[in-house]
Amino acid sequence: MSVKPSAVADEGAVVVAASPQVDERWATAANAIGWVAIVLQWSAALVIILDMALGEVVDWIAQICCITTLVMLLLRAAPVNLESVAMLLIALAGIALHIATAAGGSGLGVFALIVYVLMLLGSVALIVVTVMYQRLWKRASWTIESCILRLPPYFSGLEALNTFVAKHKGLWTAALAALTVLFAIVLLFLLATAVLFFLTEDLCAVGTYDASLVAPANAYAAGRVPPMEAGTADNMDMGDLDLDFTGIWWIRWYEEPIPLYSRLHLEELVSLAGFYLRPGNDTNLTYPIPASSQTGRAHRWGFSNSIAGRIAMMVAGEKNPDSPLNLDLLSDENMFIYGGGNTPWSMRKINDDEWLRRIERQGAKDWKYTFTRIVFADGTPHPTYFDDFVRHMEGTKLRVFTTSSKPCRDCGTYLGGSCSKCSDVCAAA
């Protein structure tokens, strides 16, 4: 794309700011690098689905191109137009992707992933608007202006509006551009969501259940295997400690980390089946006592079939199912959970069926949720909290890993990972 040396743009042209000093050769180079960045970033979004490591490499190359283009933009060596705005969105998308990768399946990770998708879709919309401008834009904008200009001036307000529109045709063109971009982003986001739902509906390593089936009696009555493996005295080694982590527990947010976080249904249930005191501490019951639980294995962590829950399962599918959740039992009423890096995760007992989980954040308000038992060790639903959980799900279904095989999860968790595609891998697991 070339830039006219004149400071006056074509009538109705969607240009953020004219740059008459832009050198043609630099402008051509900047646009070429920018288009490489755009193509690479779009490619990274597809490659990541197939190979996370390779996708991240492609994304880093795209970011280098983006930064180069933006530097040229700041040095007035590149034109400021819709394409440069698209490149800015691509740069923001890359930053969001790195945050999502680092944060994993946390609330921040999912939020960053949503921002990443929106930035990609926004860049697509801007490019579409840029390409379609010469053919449709002037006609569309003039049609809207004509309709407004023909409004009868029955009221002084309409007459003033007619006068305003007549003087500011360019403003209406810009407003139409903004509305078109917004509509395109929403449309593409809905389309991408529909495609994601379709490609992740029938996955080989994933089971989908109604929330009521978390109670084993309800699952057996429906002819299903219960979705969650309840912790019991037989599958947990608590020694002689006066602690009871049996049953199935609900991650019930007390204060949401981001607005409407609970409505995302990212992660819902945990079973501490397989809990054990680490070797060397099973006989020495003096606090603090190191312990572990393999919560990543099949039927021990509950997600959902929401868009956020499906993405969280993709992220979790990258991890080793046998990696333990490590914690330190500090007393009969307090524990410290590892895994938060420099962010301490502590839990304090409220009563026999509730623990308060606190995520301490430096310079910010702490995040808190209650670790709430909804099913007892014998499979009996909690008389209060189980019904609260079902109401919380609001018809959203629970999703769990049905296999502890890493190869099967690698194949059967991502887009299109049906059993017909992954049967050989999962059968060998």
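The values are calculated or read from the model by the stated rules, or taken from the named source; none is laboratory data. Keep in mind that this is a model prediction, so the values were computed, not measured. In this analysis, Cβ positions are derived from the backbone assuming ideal geometry, glycine residues included, and neighbour counts consider all displayed protein chains. Accessible surface areas use protein heavy atoms only, side chains included; no ligands, DNA or RNA. Shrake-Rupley method; radii C 1.70, N 1.55, O 1.52, S 1.80 Å.
Structure notes:
- Computed E for PHE197/ARG224 - FRET, C-beta separation, R0 22 angstrom, nearest 0.05: 0.50
- Extension gain, ASP424 to ASP240: 0.36 nm times the residue separation minus the Cα-Cα distance gives 61.8 nm.
- Of the three principal axes defined by the Cα atoms of segment 210-288, the extents in descending order read 43, 38, 18 Å.
- Highest average first, the peptides 404-412, 229-237 ordered by how many other beta carbon atoms sit within 10 Å of their residues are 404-412, 229-237.
- For the pair SER212 and ASN320, label points projected 7 Å from Cα toward Cβ lie 4.2 nm apart.
- Taking the inverse of the mean 1/r over every pair of distinct Cα atoms in segment 384-429 gives a Kirkwood hydrodynamic radius of 12.5 Å.
- Dividing the mean sequence gap of close Cα pairs (under 8 Å, 6+ apart) by how many residues segment 228-271 holds gives a relative contact order of 46 percent.
- At full extension, LEU356 and ARG263 could sit 31.5 nm farther apart than now, given 0.36 nm per residue minus the alpha carbon distance.
- Computed over protein heavy atoms with a 1.4 Å probe, the accessible surface of segment 350-426 works out to 47 Å² per residue.
- Residue pairs, from the table LYS349/LYS406; LYS319/LYS397; LYS368/LYS406; LYS349/LYS397, whose Cα atoms sit over 27 Å apart: LYS349/LYS406; LYS368/LYS406; LYS349/LYS397
- Segment 201-239 residues near the modelled TYR338 label - backbone nitrogen below 20 Å, point 7 Å along Cα→Cβ: 237-239
- Inter-label distance, nm, simple model (7 Å from Cα along the C-beta direction), ASP328/ASP410: 3.5 nm
- Looking at segment 220-302, the accessible area is 47 square angstrom per residue; that uses a 1.4 Å probe and ignores ligands, DNA and RNA.
- To put it simply, the accessible area of segment 267-408 at a 1.4 Å probe is 49 percent carbon and sulfur.
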